[in-house]
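Bear in mind these aren't lab numbers, they're just calculated from the coordinates by the rules spelled out. Just so we're clear, the structure is a prediction, and the values are computed from it rather than from any experiment. Cβ coordinates were reconstructed from backbone atoms using ideal geometry, including for glycine residues, and neighbour counts include every protein chain displayed.
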Amino acid sequence: MAFNVRNGRQGMLQLVISSRRIRSLERHLRGVSPGDPIVIGLTDIDRFNEQLERIGFTADMGQGEMILPIADTGPVSRHNAEGKYKVHYDQPMETAYRTVEWHWMEWHGRYDRVSRSKLIDVPYPRHPRTFIPPPSVELAIARTANGNRILRTPSIEYIDGNEELLLHTINLFLEIFHECSILTGNLEHIIYVPVRRLNWDILPPGRRPWAALKRDIEPIVHEVPKGNQSIVWNRLETVNAYQPEFHAIGRGGFRGYIIFGFPSQNLYVLECIHYGNATYIFNEQWEQLSRLTKSEIIAGNLQTDRIIHSANWEGHLKDTMEQD
């Protein structure tokens, strides 16, 4: 359901959509002309404090805070933060591999048995798939000219090329808040302030023993299926053994990502705990990297190396970390 509220004093049109999901724009954007700039948001954010904190904003919800919403609200937020795969069911099956931990017992003498394990790649058939990068729509807290706080997106033009982005952004709001406002007309009424991205929590600088780092990231790793946790711990401990000079832990839609920083080597390792991802190696300065959106980091080909999570991952990482 949608209804209109027109603010004649400010010259801004507000359309409020209350729904769980919409499938087309036309019936919900009546009164918006092609080419008009649109801001999607919430104009009464105090009603949504719980949802705002859950997706990554601070309890203060200060002006200028910006976050990529956490990916576990539903399929739209997962697509927004992590991307998705298009499965080609019309094509022949291909062989893919998943890494598992294989355990066995070795006999040492007549009576002693020793437990052994190693990572192996197990093949399985699947249909080919193409990765669709995440839209990475970030939400920011701003204020209006009369001092009211609002939640907003950047301005998006209402043109054919932006229909998919507009539909996705509206459905992102509806999935999280079950409501959104479409603001158009005199958008100068909205004050655009410098943003402060909240996507990373930077831990105290200095080399961090594995036991200390493990305590910090344990709640995140426990979200991984139990069968994969030992593999995740192995990767994180392996990277940390190279003694990074700082760590940053992702929050909101970056939850599950960890930066291991080696500024003296101009090297930054981005590790993801989720199955089917990879380890990214960057030579960008941390300040530049932290200002990028997730789609810019993952899909922008900015990395100097990308190490697939496979049984030979550790050897590939060693080559990268120990190169001159």
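Here are some notes:
- In the chain, the calculated helix contribution to ellipticity at 222 nm averages -7000 deg cm²/dmol per residue, counting -39,500 (n - 2.57) for every DSSP H run with n ≥ 4.
- Ranking of ILE281, ILE141 by neighbouring Cβ atoms within 10 Å, starting from the fewest: ILE281, ILE141.
- Highest mean packing first, where packing is the average number of other Cβ atoms within 10 Å per residue, the peptides 222-231, 310-319, 62-71 line up as 62-71, 310-319, 222-231.
- Region 37-113 and region 242-305: distance between their alpha carbon centers, rounded to Å: 16 Å
- Pairs of alpha carbons in region 163-233 whose separation is greater than 21 Å (percent): 62 percent
- Peptide packing for 42-51, 17-26, 266-275 was compared via the average number of neighbouring C-beta atoms within 10 Å per residue; ordered from the highest value, the list is 266-275, 42-51, 17-26.
- Ignoring lysines fewer than eight residues from LYS214 along the same chain, the ones with Cα atoms less than 22 angstrom from its Cα are LYS118, LYS226, LYS318.
- Of the labelled figures (i) 11; (ii) 27; (iii) 5, only one reflects percent of Cα pairs over 38 Å apart as derived from the coordinates, namely (ii).
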